[in-house]
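Structure first, then comments.
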Amino acid sequence: MKLIIADDENLIRASIRSMIQDVESSWHLVGEASNGEELLDLVKEHKPNVAIIDIRMPRMSGLEAMRLGKAISPCTKWINLSGYSDFAYAQEALKLGASDYLLKPVNPVDLERALTNTAKHNKEFIRMHNQQFENSLFALCNGLTTLKFEELDSVYVQGWFIGAICLFDSIHTGKLLSDLTSQFYDDLRGRLNRHLVYGMNFAMVSLPDGDLAVIGSWDPLKGAQSGEEVHRFFDLLEGITESYRNDGLAITILQSGECHGFDQLNAQLGQLGQWNSLRAVCGIGRRIGYSELAEEASVPEKLKMSHLFCSIKQHLHFKAYLHYQTAVGDMEGLLLNDKLLTADKTRLAVHLFMLHALGINMAESSDDIEVIRELRQLGESKLLEIRPREPVTADLIEHVIQYMEKHYMDDVGIGQIAHQLNVSANYLSMLFHKKTGTPFVKYLTNIRMLKAKELLLNTNLQVKQIAEKVGYYSTRHFTKLFVENCSSYPSDYRKSQV
């Protein structure tokens with residue numbers, strides 16, 4: 001967003017310029033003026049989103065410049081600067097339509113508040129603010145930062161959250177599955193952006209195990225309707241997934257309850273991750289709430305059966321057919337002893353999972369013995385399809401590491417690399433963690449922090465420039481990650497190594 005500063009004192013302009021750089025790099029300072037006439041020239045040239053102006057300036061006062069500037073650029077918002085003795089002028093500025101005013105000397109917290117209040121209904125600002133939220137939430141969910149960096153009144157401490165994990169089941173593999181999931185991500189991102197209003201935030205974040213989480217947050221103090229809007233979006237989310245089932249992709253939504261603060265949300269997301277296999281007995285391709293999953297998890301036999309079905313799917317995906325047959329054997333013992341498929345709801349849910357996740361089409365009346373027979377036949381048929389010299393998984397992971405080493409400064413994600421390798425993001429994430437012992441996100445962050453250390457020690461670049469060179473476009477976000485990983489601020493690290 002474009003911004004202009006106008007003040008006849010160089011030190012004041014320099015101070016505000018520095019504060020704006022610390023607030024967020026997405027604010028783009030397009031010009032500075034030392035008097036009212038220069039201000040009007042800049043407003044005419046740039047049509048800024050926001051102008052921060054001193055009320056008293058030579059040649060033309062700030063009030064007169066604002067009166068004329070509103071005609072030149074009607075959409076520009078005005079923040080006035082004044083001293084204690086100029087209170088009457090400040091009142092007049094508010095009558096003219098000033099969005100806010102600040103007392104000199106300007107406090108950084110007050111400046112950030114004024115910028116937020118002034119631009120809070122601007123769509124570009126809302127998206128920018130939401131991107132900051134998503135960056136911070138991604139770091140928190142993946143253990144890259146902690147709440148110790150957040151103010152006690154921040155949304156992460158006092159806000160309300162709803163989270164949902166999106167799980168994909170399909171017989172498709174390779175490029176087709178990758179294309180379908182990428183299409184869903186793009187579709188979901190577009191819906192999120194269109195749904196955004198001030199007082200609420202949305203984020204799409206990859207969790208440590210590779211699953212996609214969609215998170216909504218709201219602050220009741222910033223709008224009574226914001227919580228209702230978040231709930232409305234999650235109602236729409238279930239409908240968004242419906243169209244993908246026609247293409248052979250069943251998307252299951254595991255949704256948390258309302259959570260007060262990030263810690264409660266994170267705890268529920270972690271529990272949903274542990275319960276994700278329960279979709280096999282609850283019914284895939286729909287939204288399943290936290291309370292329903294908790295009820296199903298209270299039955300140990302159902303929980304064990306669901307784990308076995310998801311293990312069977314995973315062994316099939318990894319082509320680990322010996323483990324596959326062992327899991328089928330365990331399933332046979334469980335089904336024959338506990339008769340879990342006698343309940344119509346559970347049996348139909350299992351049949352649905354077998355159809356979409358394994359490609360086995362069972363008759364509605366099929367019993368336990370028929371389920372086991374079909375599972376064994378599938379395993380035997382897959383054994384016959386094994387090709388010699390199939391790609392070695394170690395080579396796949398080496399390719400991922402090499403890609404990260406080369407593109408760490410770009411917007412790198414596991415989904416992007418998976419798409420290039422024609423595998424699903426969830427599969428590649430699990431494989432990467434298994435082979436390296438480190439989640440993809442933390443591995444990438446470690447690379448970026450090492451590169452940042454090199455730049456801090458071997459160049460005179462500013463922290464903001466270093467942040468951008470290692471893939472972060474928010475200096476504040478980069479600093480949080482650096483402190484969490486290196487136990488010092490970037491500037492302090494540079495000094496300590498001299």
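The values are calculated or read from the model by the stated rules, or taken from the named source; none is laboratory data. Remember, it's a predicted structure, so these values are computed and weren't measured experimentally. Glycine also receives a Cβ, built like all others from the backbone with ideal geometry; neighbour counts cover every protein chain displayed.
Quick one: which residue in Gly261, Gly270, Gly257 is surrounded by fewer than 21 Cβ atoms within 10 Å (Cβ to Cβ) and on the phi > 0 side of the Ramachandran plot?
After ruling out the rest, the residue left standing is Gly261.
Looking for something modelled with pLDDT of 90 or more and within 21 Å of Ser311 (Cα to Cα) - is there at least one such residue anywhere in segment 392-415?
So far as segment 392-415 goes, no, none of its residues is modelled with pLDDT of 90 or more and within 21 Å of Ser311 (Cα to Cα).
Of Ile55, Ile4, which residue is at pLDDT below 90, buried (at least 17 other Cβ atoms within 10 Å of the Cβ) and in contact with a helix residue (DSSP H, G or I) (Cβ under 6 Å, 6 or more places away or on another chain)?
Ile55
Among the residues of segment 315-344, what is the count of those that are under 17 Å from Leu303 (Cβ atoms) and touching a residue at least 24 places away in the same chain (Cβ under 8 Å)?
Residues in segment 315-344 being under 17 Å from Leu303 (Cβ atoms) and touching a residue at least 24 places away in the same chain (Cβ under 8 Å): 7 in total.
Every residue in segment 202-226 that is more than 11 Å from Ala164 (Cα to Cα), out of contact with any Gly (no Cβ under 8 Å at 6 or more places or on another chain) and hydrophobic (A, V, I, L, M, F, W, C), please.
Matches in segment 202-226: Leu221, Ala224.
If a residue counts only when it is of a type in the set (A, V, I, L, M, F, W, C), out of contact with any Pro (no Cβ under 7 Å at 6 or more places or on another chain) and surrounded by fewer than 19 Cβ atoms within 10 Å (Cβ to Cβ), which helices (runs of 4 or more DSSP H) contained entirely in segment 430-498 have at least 1 such residues? Spell out how you get there, then give the answer.
Details: elements: 440-458, 463-469, 475-486, 490-496.
Once the helices (runs of 4 or more DSSP H) in segment 430-498 are filtered for at least 1 residues that are of a type in the set (A, V, I, L, M, F, W, C), out of contact with any Pro (no Cβ under 7 Å at 6 or more places or on another chain) and surrounded by fewer than 19 Cβ atoms within 10 Å (Cβ to Cβ), what remains is 440-458, 475-486.
If you take the residues of segment 147-171 that are farther than 27 Å from Glu228 by Cα and in contact with a Lys or Arg (Cβ under 9 Å, 6 or more places away or on another chain), which of them is surrounded by the fewest Cβ atoms within 10 Å (Cβ to Cβ)?
Top of the filtered list is Phe149.
Can we say Ser381 is in a helix (DSSP H, G or I) and loosely packed, with under 11 Cβ neighbours inside 10 Å?
yes
Only one residue in Leu39, Leu11 is buried (at least 23 other Cβ atoms within 10 Å of the Cβ) and either within 26 Å of Phe478 (Cα to Cα) or at pLDDT 90 or above (or both), so which one is that?
Among Leu39, Leu11, only Leu39 is buried (at least 23 other Cβ atoms within 10 Å of the Cβ) and either within 26 Å of Phe478 (Cα to Cα) or at pLDDT 90 or above (or both).
Which numbered condition in (1) more than 20 Å from Leu137 (Cβ to Cβ); (2) crowded, with 18+ Cβ neighbours inside 10 Å is the only one that Arg245 fails?
Looking at each condition in turn, Arg245 falls short on (2).
Within the group Ile215, Ile171, which residue is over 25 Å from Thr145 (Cβ atoms) and not in a helix (DSSP H, G or I)?
One residue alone meets the criteria, Ile171.
Checking the condition more than 20 Å from Tyr324 (Cα to Cα), free of Cβ contacts under 8 Å to residues at least 60 places away in the same chain and not assigned by TED's automatic domain parsing to the domain that holds Phe168, which residue from His419, His399, His433 passes?
Of the residues listed, the single one that is more than 20 Å from Tyr324 (Cα to Cα), free of Cβ contacts under 8 Å to residues at least 60 places away in the same chain and not assigned by TED's automatic domain parsing to the domain that holds Phe168 is His399.
Looking at segment 273-295, is at least one residue within 17 Å of the chain's Cα centre (by Cα), in the same structural domain as Ser136 (by TED's automatic domain parsing) and either hydrophobic (A, V, I, L, M, F, W, C) or surrounded by fewer than 20 Cβ atoms within 10 Å (Cβ to Cβ) (or both)?
The answer is yes, given that some residue of segment 273-295 is within 17 Å of the chain's Cα centre (by Cα), in the same structural domain as Ser136 (by TED's automatic domain parsing) and either hydrophobic (A, V, I, L, M, F, W, C) or surrounded by fewer than 20 Cβ atoms within 10 Å (Cβ to Cβ) (or both).
With the requirement that a residue be crowded, with 16+ Cβ neighbours inside 10 Å and farther than 22 Å from Asp179 by Cα, what does segment 231-242 give you?
Phe233, Phe234
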